[in-house]
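Data block below; observations after.
The values are calculated or read from the model by the stated rules, or taken from the named source; none is laboratory data. Since the structure is predicted, the reported quantities are computational estimates derived from the model, not experimental observations. Heads up, the Cβs are rebuilt from the backbone with ideal geometry, glycines too, and the neighbour counts pull from every protein chain shown.
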Amino acid sequence: MEKTLAFWSILRKDIKTYYLKPPNISWGIIFPVSWTLMFFIRSGGAVDIKGILPGVMALSVLFGTTSMLAVTITFERKKRSFERLLLAPISLNLLMLAKTTGTIIFGVINGFIPVLFASFLIDLSGINWFFAFISVLLIAVTSTFLGLFVAVSVSEVFEAQTFSNFFRFPMIFLCGLFIPLDNLPVFLRPLSYLLPLTYGADLLKLAVSHRGSIPVWLNLLVLVTYGTGLFLISTYNIQKKWIY
Amino acid sequence: MKIIEITKLSKNYGDFQAVKEISFFVEKGEIFGFLGPNGAGKTTTINMLTGLARPTSGEIIISGQDGVKDIKKVQRIIGIVPDESNLYDELSGFDNLVFCASLYGMGRSEREKRAWELLTRFGLDDAGKRPFKAYSKGMKRKLTIAAGIIHEPEILFLDEPTTGIDVKSARQIRELLKALNEQGTTIFLTTHYIEEAEWLCRRIGFIVDGNVIKVSHVDDLLREAQKENIIEFTIEKTSAVLKSSLLERFPGITIKKVSDHSVRIGSTEKIELMPFMKFFAANSIKISEARIIRPSLEEVFVKITGIEIEKLKAENEGKKKWKKL
Ligand SMILES: Nc1ncnc2c1ncn2[C@@H]1O[C@H](COP(=O)(O)OP(=O)(O)O)[C@@H](O)[C@H]1O
Ligand SMILES: [Mg+2]
């Protein structure tokens, strides 16, 4: 009871002070729009919207979540208000779950904004919505915890952004969303299979355009393992570094 | 009853030992002052006691619980006011308090009531709806204290509660702390203001260079100091031989201080003025004032830490030389 109260309070405060602020909302919209536009321009208008939709969705989730954690964690740590949370009688795991739940929700919503745009342009029947939601949720969870891992490893907001890009940009090209894995040079393929987004993207493709290439159980297993692993490493790092 | 008990507590940062095997206790219901110069290890100690820093070695017992292993349980009954305000800039004073209360599991109506109560008590009710970032330094510190006691903790830790704020706010804060203590809260505070410690605290621990060199009741320290009688003479000009000729003429006294225009002497016996007047006259030294100095905690501090500071400095110098060789 006490714990639930603290959890909701932290979540509500973050939503109010960060996620509902205009810069962040627009970031969530501008990003998917620019991706969609970029593909339109590149392919001269005759774009297979349904084909690129999973990719744009996944990237919206990835960029939305990883950039938010730089603010909700790195910034609060710099301003020392994060200490207040560390000094409260709540366990570190619960605290970090509360801090990341907002980001996960934000990521999921971000992921469906491209769907909203696409719905004006094409017929979206045939998408397995339940499966699409699960895929977006799993991508949001793993990329949030990836962002958490980055946020815990640095002390400045700009470092968090730079370090995130180190993961984010290779993922765009290696996760199989825009360039099918079979078309990648052979020496890059093992790298693709190391990235969690590859598995999330595959699930999403299956849900949206019924074109997955990795067994579903493997996708789920890898995503859950990545998510749990990154979360545990991050809380361990916080124990070590922030309770100095 | 001992509410905090610290045994051989140490903290190392790499090769550097910031806190060196300190042992002391705090009694339930008292205001305990941790007094020491900058860099002495006060913040490091408070961080270890509250769970923000991990002790390298040693033991902490707070209210019967293990302050290292069971820190999350301990955090329920303690309040913490850090040296820098760490509330949320964007939230109003009221929202900050309500948020902090919720971290301790207080229900909505209870925490809102308590928040207004504290805002009123701290004279911040008019500013309650303004964002924290618009507060003055003194207001920020007051709100940080309010946030520290929102859950009515048994023990309140404050790290330099009056450093860096205006005189008026500092006085209000001292009075608030005194009142809080009278209502039963045990208070542990750090400070480098001697008068503050003297006015507020029942007992004081002196910390210098990571060592706690004395823990004592303020009353005892003052009584000890006031056993000595001190007189300061204001004179026209001191001379190089003044000190030695004074000591030669009055073997029982100690020379506390000699500056250009004054000399301060001390003695455990009552000091008769006439012999000194005669002495100065005989040496053609014009004297304009003789003043009784009432020893305060400052004298005690200099006496206790001054010597140690010199000694520790000498030791450090010695170590450096050894390293070079
Ligand atoms: N995180 C840290 N890493 C290394 N040294 C530190 C750290 N924190 C404090 N110190 C050092 O420990 C000593 C004690 O610091 P501190 O406890 O802040 O002193 P005080 O609060 O009494 O002014 C200082 O010499 C300080 O430089
Ligand atoms: Mg300090």
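For the reader, a short list of remarks on this structure follows.
- When the criteria are applied in full, B:Ser102 fails the requirement of being in the same structural domain as B:Val212 (by TED's automatic domain parsing) and within 27 Å of B:Ser216 (Cβ to Cβ).
- Which numbered condition B:Lys72 misses (of (1) within 13 Å of chain A (Cβ to nearest Cβ); (2) among the charged types (D, E, K, R); (3) within 16 Å of ligand 2 (Cβ to nearest atom)): (3)
- Every condition in (1) within 16 Å of ligand 2 (Cβ to nearest atom); (2) modelled with pLDDT of 95 or more; (3) out of contact with any strand residue (DSSP E or B) (no Cβ under 8 Å at 6 or more places or on another chain) is met by B:Glu84 except one, and the failing one is (2).
- Single condition B:Glu110 does not satisfy, out of (1) within 8 Å of chain A (Cβ to nearest Cβ); (2) without any contact (Cβ under 8 Å) to a residue 40 or more places away in the chain: (1)
- Residue satisfying condition, being away from every other protein chain (no Cβ under 14 Å), assigned to a loop (DSSP other than H, G, I, E, B) and over 15 Å from the mean Cα position of the chain (by Cα), within set B:Gly123, B:Gly164: B:Gly123
- B:Gly67 fulfils the conditions (1) within 30 Å of B:Leu119 (Cβ to Cβ); (2) more than 16 Å from ligand 1 (Cβ to nearest atom) except for a single criterion, (1).
- Boolean, A:Phe173 is without any contact (Cβ under 8 Å) to a residue 40 or more places away in the chain, over 30 Å from B:Gly14 (Cα atoms) and in a helix (DSSP H, G or I): yes
- Residue match in the stretch B:105-120 (condition: over 30 Å from B:Leu297 (Cβ atoms) and in contact with a His (Cβ under 7 Å, 6 or more places away or on another chain)): yes
- Being within 14 Å of another protein chain (Cβ to nearest Cβ), in contact with a Cys (Cβ under 8 Å, 6 or more places away or on another chain) and either in a helix (DSSP H, G or I) or under 23 Å from B:Leu49 (Cα atoms) (or both) is a property that B:Ala147 has.
- Scanning the stretch A:145-199 for residues that are in contact with a Gly (Cβ under 6 Å, 6 or more places away or on another chain) and under 20 Å from A:Ile105 (Cα atoms) returns a single hit, A:Phe145.
- Helices (runs of 4 or more DSSP H) within the stretch A:185-244 that include 1 or more residues surrounded by 13 or more Cβ atoms within 10 Å (Cβ to Cβ) and within 14 Å of another protein chain (Cβ to nearest Cβ): A:216-241
- Matching residues, the stretch B:81-101, being facing another protein chain (nearest Cβ under 10 Å), within 12 Å of B:Tyr135 (Cα to Cα) and among the polar types (S, T, N, Q): B:Ser85
- Hey, B:Gly14 at pLDDT below 95, within 14 Å of chain A (Cβ to nearest Cβ) and within 12 Å of ligand 1 (Cβ to nearest atom) or not: yes
- Test: residue in the stretch A:116-134 that is away from every other protein chain (no Cβ under 14 Å), surrounded by 21 or more Cβ atoms within 10 Å (Cβ to Cβ) and in contact with a helix residue (DSSP H, G or I) (Cβ under 9 Å, 6 or more places away or on another chain): yes
- The residue that is nearest to ligand 2 (Cβ to nearest atom), counting only those in the stretch B:28-66 that are within 13 Å of chain A (Cβ to nearest Cβ) and either part of a strand (DSSP E or B) or of a type in the set (Lys, Arg) (or both), is B:Arg54.
- Subset of the stretch B:1-38 (residues that are small (Gly, Ala, Ser) and touching a residue at least 40 places away in the same chain (Cβ under 8 Å)): B:Ser10, B:Ala18, B:Ser23, B:Gly29, B:Gly33, B:Gly36
- All conditions but one from (1) away from ligand 1 (no atom under 14 Å from the Cβ); (2) crowded, with 23+ Cβ neighbours inside 10 Å; (3) assigned to a strand (DSSP E or B) apply to B:Val19; the one that does not is (1).
- Taken over the stretch A:66-84, the criterion of being at the interface with chain B (Cβ under 7 Å from one of its Cβ atoms) and over 15 Å from A:Glu156 (Cβ atoms) is satisfied by A:Ser81, A:Glu83, A:Arg84.
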